[in-house]
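I have placed the structure first, in the form of structure tokens, so that the comments after it can refer back to it.
The values are calculated or read from the model by the stated rules, or taken from the named source; none is laboratory data. Just so it is clear, the model here is predicted, and its values are computed rather than measured. As a convention, Cβ positions derive from the backbone with ideal geometry for all residues, glycine included, and neighbour counts pool all protein chains shown.
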Amino acid sequence: MRKFSILFLGILMALLTLENCKPDVPDAPPGKPESDSLYIGTTYTIAKPFRFSNINNTYADSLTYEGVELGRRLFYDKHLSSTGQLSCASCHKSEFAFSDAGHAKSTNVFGPTKRNAPSVQNLLWAPKIFWDGRSATLGEQAKDAFHGEQDLNVPNAIQYLEADSEYVRLFKKAFGRPGDITEEHIYLAIQQFGMTLISSESHFDKVQRGQEQFTESEARGFQIFLTERGDCFHCHTHGNDLLMTDNIFHNNGLDSVNDVNDFTDKGRGEITGDINDYGKFKSPSLRNVALTAPYMHDGRYQTLEQVINFYSDSIKLSPTVDAIMLKANHANGGVHLTAQEKQDLLNLLYSMTDTSYTNNPAFQNPF
Amino acid sequence: MQFLKCTTSLVLATLLFFISGCKPDTKQGNFTLELKAKYGDQSFSLNTPNTDPQNRRIKMDELKFYLSHISLVKADNSEVNLSEAALIDFSNPNTLSISVDNISGDFKSLRFSTGLDSVQNATDPLSVPSSNPLSNDMGMYWPWLKYIFYKLEARCDTTGTGSGSYNWFPLYHIGTNSMYRQVTLDKTFSVCCNNQYTLTLYLDVKKIFYGDTQTLDIISESSTQMGTSDDPNVAIKFSDNFAQAFTF
């Protein structure tokens, strides 16, 4: 019996010792004797807002607070541009729902671009990103923007980041071992930050949740929006969710063009090469739209009033113009809203402003 | 040596036993329903013009609809279910065939419904996975009127010259429970014996406009969004013609 007890104790001790020996993370790279906890980030779980789709992106599973914080720093860090003058935030300013505050066309390190910097929110639910949808993920988008707008020099950037102890710490926490600072990890960190940019606390949202009431004018505006009277819903709703965009590409009748090759900007067609996509752009979300002037892919309209007037009265024909745009009275330019209806619609759009989003301290410049 | 022979025989016998046990039922076969579209005697594809009986050119940007309760009816009236709900989208070839394996029998007809039944139509599209045909991501739902059963968006050159510009844009987005239709099409065939049987079902797009009993005029009846909005008669006419536009 005693023999058995000793044997049992021996096995138990061996097991305990083995358990203690088991590393909870892989071995440290040679020459980097940091303790293991340096390589473990804190899991960040995204809460799905009311009437948003389930989060299908598998990369949402690997989110950490440190990865998100790292992404925020990279988003605001001008050192990553070739000129040292521009960061992502230069054209995506938080107080304007991450749009470019009054600039019709944004300017990158190479000079003026051909498009308006879109606002940023709820891109976790966007299957395609950019006006022309050329990126499928926020990480791809970050790579495109770092090279296309900021002229990222990868070796220089990595050298800069490796010399900064806070960046070194965050990269390790965000990406574990090997926690090396790599080009890919830069994009993935931006992706993590981008996924947390969620706007769902506007007056409009609270009305949908039954917590607040529309004013009479907003309620009339919502009816105009949701019916063929205004016919806004085709492109600015998405099934039963509250993204306020269908995330699809349309030619909304901005320009009168006889031949598809005459579009100044071919938009989606540039990516697909399909002439049926020429002149089409992704429907932007109407969330925070009152903060994101000027409007359209080329920033041609300065005010929301101009935008409403365009949709009401000035739709133009072209070979790829969406049939939806032409449904109502297309021979005469649009649905022709009255002045009161235009005001009601404007009030509805203002109800979608979410200042808790634009003022969120977690989204501001950390430097 | 004798021992080896015996062992080999035993192993072979055991193997044969298992192999024969795994052998599929030879009476069963596989079935595929394949969806195609045509325009009368003309071929059809999206964004490609067809010529209508009034010499107008018409081409479709979008042709997308629900079929539900698709089943094969046996000679004894029992049914083999193929799909509870399928979203057919002519811009996505993956949606144009429905297969079911290991079925058998002598069949006399194909039965299906166009649109969704009232229970399906009451689904919250945010409650089902994104791969489900009823998902929010399919672009077939409006919160105030539920699912869009049939979506057809077209461009027409009404000049009759065959070379004018596309100047007319019929648009049909139709839903609501009363637009649900049931269809039974007779076809005698057998599935059995490890064979693959493919049945091709054609949607004759011309018949949506030039139906067996009524014409949907693309000029005066060029658009409707839902059964309860615009002119409900256009939605009813479209739904009736649509259900009668299927043929083998």
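Below is a table of values for the structure above.
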quantity	calculated
Residues that are over 17 Å from B:D240 (Cβ atoms) and not charged (D, E, K, R), drawn from the stretch B:149-159	B:A154, B:C156, B:T158, B:T159
Failed condition for B:R155, given (1) within 14 Å of chain A (Cβ to nearest Cβ); (2) basic (K, R); (3) under 16 Å from the mean Cα position of the chain (by Cα)	(3)
Subset of the stretch A:253-274 [more than 14 Å from chain B (Cβ to nearest Cβ) and not in a loop (DSSP other than H, G, I, E, B)]	A:N261, A:G267, A:E270, A:I271
Any chance A:T83 is away from every other protein chain (no Cβ under 14 Å), touching a residue at least 12 places away in the same chain (Cβ under 8 Å), of a type in the set (S, T, Y) and closer than 26 Å to A:L170 by Cα	yes
Residue count for the stretch A:188-245, restricted to those that are of a type in the set (D, E) and not in a helix (DSSP H, G or I)	5
Any hit, the stretch A:138-159, residues being on the phi > 0 side of the Ramachandran plot, outside the structural domain of A:R287 (by TED's automatic domain parsing) and surrounded by fewer than 21 Cβ atoms within 10 Å (Cβ to Cβ)	yes
Some residue of the stretch A:275-290 being surrounded by fewer than 19 Cβ atoms within 10 Å (Cβ to Cβ), out of contact with any Gly (no Cβ under 9 Å at 6 or more places or on another chain), within 12 Å of another protein chain (Cβ to nearest Cβ) and more than 30 Å from B:T123 (Cα to Cα)	no
Options B:G40, B:G29; residue that is under 22 Å from B:T159 (Cα atoms) and either touching a Ser or Thr at 6+ places or on another chain (Cβ under 6 Å) or of a type in the set (G, A, S) (or both)	B:G40
Meets criteria (at pLDDT 95 or above, surrounded by fewer than 20 Cβ atoms within 10 Å (Cβ to Cβ) and more than 14 Å from chain B (Cβ to nearest Cβ)) for A:N309	yes
Condition met for A:E212 (surrounded by fewer than 18 Cβ atoms within 10 Å (Cβ to Cβ), in contact with a helix residue (DSSP H, G or I) (Cβ under 6 Å, 6 or more places away or on another chain) and at pLDDT 95 or above)	yes
Condition met for B:Y197 (among the aromatic types (F, W, Y) and in contact with an Asp or Glu (Cβ under 7 Å, 6 or more places away or on another chain))	no
Out of A:D246, A:D241, sole residue that is within 19 Å of the chain's Cα centre (by Cα), surrounded by 18 or more Cβ atoms within 10 Å (Cβ to Cβ), free of Cβ contacts under 8 Å to residues at least 40 places away in the same chain and within 12 Å of chain B (Cβ to nearest Cβ)	A:D246
Which numbered condition B:F90 fails, given (1) under 12 Å from the mean Cα position of the chain (by Cα); (2) away from every other protein chain (no Cβ under 14 Å)	(2)
Output for the stretch A:344-362, where each listed residue is touching a helix residue (DSSP H, G or I) at 6+ places or on another chain (Cβ under 7 Å) and either more than 19 Å from A:E216 (Cβ to Cβ) or not aliphatic (A, V, I, L, M) (or both)	A:D344, A:N347, A:Y350, A:S351, A:T353, A:T358
Which numbered condition A:H203 misses (of (1) of a type outside the set (D, E); (2) in contact (Cβ under 8 Å) with a residue 60 or more places away in the chain; (3) in contact with a helix residue (DSSP H, G or I) (Cβ under 7 Å, 6 or more places away or on another chain))	(3)
Any pair with Cβ under 7 angstrom, 6 or more apart, that starts in the stretch B:123-139 at a residue that is facing another protein chain (nearest Cβ under 7 Å) and ends at one that is surrounded by fewer than 16 Cβ atoms within 10 Å (Cβ to Cβ) and of a type outside the set (S, T, Y)	B:S130/A:N56
Any chance A:W131 is in contact with a Pro (Cβ under 9 Å, 6 or more places away or on another chain), surrounded by 15 or more Cβ atoms within 10 Å (Cβ to Cβ) and not assigned by TED's automatic domain parsing to the domain that holds A:L291	yes
